[in-house]
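Working notes, structure below.
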Amino acid sequence: QTYEVRWRTLPSKAIVLGATVGGGLVSAPIAAAHPLAAGAAAAVGAVLALAGVRDRARRVESRAQDTRVLVLERSLELKEDRERVAAGQLEGTMVAGLYRIGQRMGAGAAGVIYQAQRVSDGLPVALKLLRAAAAHESVAADRLRREAEALRLAWHPNIVEILDQGHLADGTSYIVMELLMGESLAARIRNRGRLEPFETAPIGLQICDALVAVHAAGVVHRDLKPSNLILVKGPEGDRVKLIDFGIARVEWEETRITNMGAPLGTPGYMSPEQESGGQIDARSDLFAVGAILYECLVGEPPPPVPSGLWGKSDVQERSVRSTWKRLPEDFRAVIEKAMAPAPEDRFQDARALSQAIRNIVEAEPRASGAS
């Protein structure tokens, strides 16, 4: 920030002239009565005038110094704000004059999520901002815009709701979503070790319900994993909320944001075609659902599934088979089909996978929570 402060001061000639005029004005009435005192009166008048001019100059300089101090303080304040933004320390600041930022909740490669409050009505929200380093990167900004677009297209009770989106004065993008109070599925598995089949089935059904809406909107999530599933407590049990559409694929708008040949997603949950950078569709998300169900029931991610690009030794094959035997028998066939290496061998849509899980629930009363 640059400030320009101007003030007027009297030049030396003006000071001398002022002193002379002042002395003359003071001495004139005195000279009429006492001519001898005229010189002394003129001298006194000149001194008084000069003193007045100097006092005014001191006041001007004092005021200028106060202005310089205020400018310095404001410059330091702006510098501290820039450093806080660069460091991601935004707690207490305002966004777009609408949201007051609170506690930091998490961060990704390009975005930071904060708990915030909508000023107009006090509603708690989650606010996602691009990191300072990525704020002016076109790809990062496009991805955040893509996430907002995907969330608007795929509205569903099992998908986090988007409330607002926009740009700050410096061009930084942000989106505002409903605030979810709960724990991630990853945290649940980490704390519990593994989940029982009757706990896993409702989670799988809700994930499939969300994917029905996502895929119907022409969106492929591409990053399904336990940490992107939030379990929110409700009167009828946990409600699953699907979050983070940052690398989602919107079918009719696939341009520079994603490059074919470059894998996008999280290793361990990506289908073979996704991991190799090939063509993907909704069946890649179903592969990830199978991996999530496996992790719920076993307590750890599934072993890698080979694609046509690599194979496994006999020792690795026996180890994988041994690991898969840890799955409950009724779930094993469903998960194996969902995670088939070839897309054509998997469930062809989320409804088919949902029905397979529902069949398990109906066949096993305990799976629905009955004792």
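The values are calculated or read from the model by the stated rules, or taken from the named source; none is laboratory data. None of the values given here were measured: they were computed from a predicted structure. Here the Cβ is made from the backbone with ideal geometry for all residues, glycine too, and neighbour counts use every protein chain on show. All accessible areas refer to the heavy atoms of the entire protein, side chains included, with ligands and DNA or RNA removed. Shrake-Rupley method; radii C 1.70, N 1.55, O 1.52, S 1.80 Å.
Checking each residue in region 169-194 for being open to solvent by 50 Å² or more (accessible area, probe 1.4 Å) and assigned to a loop (DSSP other than H, G, I, E, B) picks out ALA169, ASP170, MET181, ARG194.
Looking across ARG332, ARG321, one residue alone is at negative phi and modelled with pLDDT under 85. It is ARG321.
Scanning region 252-298 for residues that are modelled with pLDDT of 90 or more and farther than 16 Å from ARG346 by Cβ yields a total of 4. Give the number of residues within region 220-248 that are open to solvent by less than 40 Å² (accessible area, probe 1.4 Å), basic (Lys, Arg) and either touching a Cys at 6+ places or on another chain (Cβ under 9 Å) or closer than 13 Å to GLY182 by Cα (or both). Total satisfying the criteria: 1.
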